[in-house]
1. Do any cysteines of the chain lack a neighbour Cys whose Cβ is under 4.7 Å away, and which are they?
2. Mind checking which of Ala141, Ile99, Val3 is farthest towards the positive end of the range 2-281's charge dipole, using Cβ charges of +1 (Lys, Arg) and -1 (Asp, Glu) about the Cα centre?
3. Evaluate E = 1/(1 + (r/R0)^6) for Arg171 and Arg201, where r is the Cβ-Cβ distance and R0 equals 35 Å; express this FRET efficiency to the nearest 0.05.
4. So between Asp128 and Arg162, what do we pick up on full extension, going 0.36 nm a residue minus the alpha carbon distance?
5. Among Thr9, Thr258, Thr166, Thr17, which comes first, second and so on when ranked by fewest other beta-carbon atoms within 10 Å?
6. From the phi angles alone, apply the Karplus equation (6.51, -1.76, 1.60; θ = phi - 60°) to the range 162-175 and give each ³J(HN,Hα) in whole Hz, x where the residue is Gly or Pro.
7. Among Ala192, Phe279, Cys259, which residue has its Cα furthest toward the positive end of the charge dipole of the range 179-301, with +1 on Lys/Arg Cβ and -1 on Asp/Glu Cβ?
8. Which one, Tyr34, Tyr256, Tyr158, has the greatest fluctuation when you compute a Gaussian network model over the chain with C-alpha springs under 10 angstrom?
Amino acid sequence: MIVSASYRTDIPAFYGTWFLNRLDAGHCRVINPYGGPAYRVPLDREAVDGFVFWTKNAGPFLGALDEVARRGYPFVLHYTITGYPRALETSVIDADRAIAQLRRIAGRFGRRSVVWRYDPVLLTSATDAAWHRETFARLAAAIAGSADEVVVSFAHIYAKTRVNLTALSRRTGLAWRDPETAEKRALIADLAAIAADHGLRLTICAQRELQVEGSEAARCIDAARLSDLAGRSIAAKRRGNRPDCACAVSRDIGAYDTCPHGCIYCYAVRNRGIARRRFGAHDPTGEFLFTPETPRSSQKQ
């Protein structure tokens, strides 16, 4: 089993102590985000083939990565670095600091252990296509040699994303738009060429219509990459989480509405106030990353 930790929240940035406590315990429990009973996820070495971590700040988790490796788990860390202005990413660490962390992790565990994410791509009056080309090129030059893949996708404008972006526009005057497919493909083609110039393979996350020459479908949960790192074959069926997703099967141990980063475009948080309250109520010794007041944890497994 591959464990994802987590595309629902930033466990490395905010919940590292909880994660290590759950490794010691050999399991965690997860509230089912789609309804139904909570479920138990085993985390012992016999059950887990490898971990996929997702973060915008790996600094608090560097010691945990050493411990994960010491216990013999292979892992891949997806590190999102976009360089966006504070209006879009309220409290994410600055790009230079994040790149230094990425390079440190690659130096310690090898560049196959790290995937750079430049997503979501969001076009606003402060981050137009020219801004993205310039910023992506600067980041790619700094990351070159420390990663071999960059995952890109355009922002999915879900209902809650639209609400948050519209509120931002009213508050700050920052305009945003969801461009047509042709415009997206043109920008992706430019980013793919920049990536190739810096030794990076550009992949597209769950947006097949945006694949252009020089790009391919991303496998964010990548059994082949984990197999390379483990030095043995890790078998996992392909089963994406949404249309066009090429990921292998995994179990995610995070919880929605628990990341206090405050990114306006985030699909996993309805609003930052909820996330901050839940982060404040987090128990690092508990089985659940976050347990609501009326938990389903009392239901039968």
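1. Cys28, Cys205, Cys220, Cys245, Cys247, Cys259
2. My answer, from the dipole projection, is Val3.
3. On the way: r = 38 Å, r/R0 = 1.09.
Taking R0 as 35 Å, the efficiency between Arg171 and Arg201 is 0.35.
4. Values: separation 34, 0.36 × 34 = 12.24 nm, distance 1.81 nm.
Once the chain is fully extended between Asp128 and Arg162, it gains 10.4 nm.
5. Working: Thr9 30, Thr258 25, Thr166 11, Thr17 14.
With the sparsest Cβ surroundings first, the list reads Thr166, Thr17, Thr258, Thr9.
6. 4, 4, 5, 5, 5, 5, 4, 4, 5, 7, 10, x, 6, 8
7. Phe279
8. Highest fluctuation among the options: Tyr34.
Readers should treat all values here as calculations from the given coordinates under stated rules, not as data from a laboratory. Since we're looking at a predicted model, the values are computed, not measured. With ideal geometry, Cβ positions are generated from the backbone for all residues, glycine too; neighbour counts draw on all protein chains shown.
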